[in-house]
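*Asks:* First, the structure itself, so that you have it in front of you.
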Amino acid sequence: MTKSLIAAGAIALLMMAGPVSAKSDTAPSNSAQSDEGETNKMVCRRVESIGTRLGSKKVCRTKAQWDAEAAANRQDLERSQTQRWKSD
């Protein structure tokens, strides 16, 4: 059980430590068009396998998919932190 919690925490940290894109405040904003363009943009990241230094692979997804996965990981982590464990 602890291994799965550690793995979930490590995955959540990897997702939060990904590349960050900066938006310029002075750029003209077409919010609907720019938001759609950013969410459909492909982002590739190196994902390391837990337990080995050599097991990394390149994963490409859209920004919306990365954001959805990060939100799901964050929700799982928060749920596991707030859940009370009963001892036998």
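*Asks:* Considering only residues that are free of Cβ contacts under 8 Å to residues at least 40 places away in the same chain and among the hydroxyl-bearing types (Ser, Thr, Tyr), look in the stretch 53-88 and name the one that is nearest to residue 38 (Cα to Cα).
*Replies:* 62
*Asks:* Among the numbered criteria (1) at pLDDT 90 or above; (2) assigned to a helix (DSSP H, G or I), which single criterion is violated by residue 61?
*Replies:* For residue 61, the failing item is (2).
*Asks:* Pairs only if they're at least six apart or on different chains, beta carbon under 9 angstrom, first in the stretch 27-52 and within 15 Å of residue 65 (Cβ to Cβ), second of a type in the set (Ser, Thr, Tyr) and at pLDDT 85 or above; list them, first residue then second.
*Replies:* 39/62; 40/62; 41/62; 42/62; 43/62; 47/56
*Asks:* Counting only residues that are in a loop (DSSP other than H, G, I, E, B) and of a type in the set (Lys, Arg), which one in the stretch 37-58 is modelled with the highest pLDDT?
*Replies:* Taking the stretch 37-58 as the starting set, the residues that turn out to be in a loop (DSSP other than H, G, I, E, B) are 40-41, 49-55.
Keeping just the survivors that are of a type in the set (Lys, Arg) gives 41, 53.
Values: 41: 92, 53: 78.
Filtering first and then ranking leaves 41.
*Asks:* Here's another thing I want to ask about it. Can you find a residue that is surrounded by 10 or more Cβ atoms within 10 Å (Cβ to Cβ), modelled with pLDDT of 75 or more and of a type in the set (Asp, Glu) anywhere in the stretch 18-36?
*Replies:* Looking for residues that are surrounded by 10 or more Cβ atoms within 10 Å (Cβ to Cβ), modelled with pLDDT of 75 or more and of a type in the set (Asp, Glu), one finds none in the stretch 18-36, hence no.
The values are calculated or read from the model by the stated rules, or taken from the named source; none is laboratory data. Keep in mind the model is a prediction, meaning the values are calculated, not measured. Note that we place each Cβ from the backbone using ideal geometry, even for glycine, and neighbour counts take in every protein chain shown.
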